[in-house]
Amino acid sequence: MTDFPVTIFHNPACGTSRNTLAMIRAAGYAPAVVEYLQVGWTRDQLSDLAAAAGMTLRQLLREKATPADELGLLADDVDDDRLLDAMLAHPILVNRPIVATPRGVKLCRPSEAVFDLLERKPRTFTKEDGEVVRP
């Protein structure tokens, strides 16, 4: 809906991301879907999203099933510039899904965290694994 814009930075291979997108749609929104693995990130975009979410780049770093360890990004002394450069080169390093609405920006893990960002919510929602969520 144009009166309440919703953008999801989405990875269709991720169950949490798929559930989050389905929750947004079940609430009656037609979100802008950014498949960031296809289009990548810009430095400003990623920095701005992290700041708006109140998160550091390290908090946005996805460690599981990514090259984070082999790139040496898990050490405590890795600075934000190096993290950002790696995230731009390897978009999979950014945890997902990130959702932006007029209510804020949030890394929606677990997926039901998206409800805090929406004006409307579905009465119930059944996740892919069968779990029923009541917002």
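The values are calculated or read from the model by the stated rules, or taken from the named source; none is laboratory data. Computed from a predicted structure; not experimentally measured. Cβ placement follows ideal geometry from the backbone for every residue including glycine, while neighbour counts extend to all protein chains displayed. The protein model used for the area step is the full one, side chains on, heavy atoms only, and it has no ligands, DNA or RNA in it. Shrake-Rupley method; radii C 1.70, N 1.55, O 1.52, S 1.80 Å.
Among the residues of segment 43-61, those that are open to solvent by 80 Å² or more (accessible area, probe 1.4 Å) and either aromatic (Phe, Trp, Tyr) or under 15 Å from Ala86 (Cβ atoms) (or both) comprise Arg43, Gln59.
Only one entry of Asp129, Asp116 meets the criterion of being open to solvent by 70 Å² or more (accessible area, probe 1.4 Å) and either out of contact with any Lys or Arg (no Cβ under 8 Å at 6 or more places or on another chain) or closer than 16 Å to Asp44 by Cα (or both), and that entry is Asp129.
If the condition is being more than 11 Å from Lys127 (Cα to Cα) and open to solvent by 20 Å² or more (accessible area, probe 1.4 Å), then segment 18-30 contributes Arg25, Ala26, Gly28, Ala30. Pairs are defined by a Cβ separation below 8 Å, a sequence spacing of at least 6 or placement on different chains, a first member in segment 1-30 that is among the basic types (Lys, Arg), and a second member that is modelled with pLDDT of 95 or more and part of a loop (DSSP other than H, G, I, E, B); the pairs so defined are Arg18/Pro12; Arg18/Glu128; Arg25/Pro31. Within segment 68-79, not a single residue is over 26 Å from Val132 (Cα atoms) and within 17 Å of the chain's Cα centre (by Cα).
Report, by residue number, each residue of segment 31-42 that is among the hydrophobic types (A, V, I, L, M, F, W, C) and open to solvent by 30 Å² or more (accessible area, probe 1.4 Å). Matches in segment 31-42: Ala32, Val33, Val34, Leu37, Val39. Among the residues of segment 4-13, write down those that are hydrophobic (A, V, I, L, M, F, W, C) and either open to solvent by less than 10 Å² (accessible area, probe 1.4 Å) or closer than 14 Å to Ala30 by Cα (or both). Correct list: Phe4, Val6, Ile8, Phe9.
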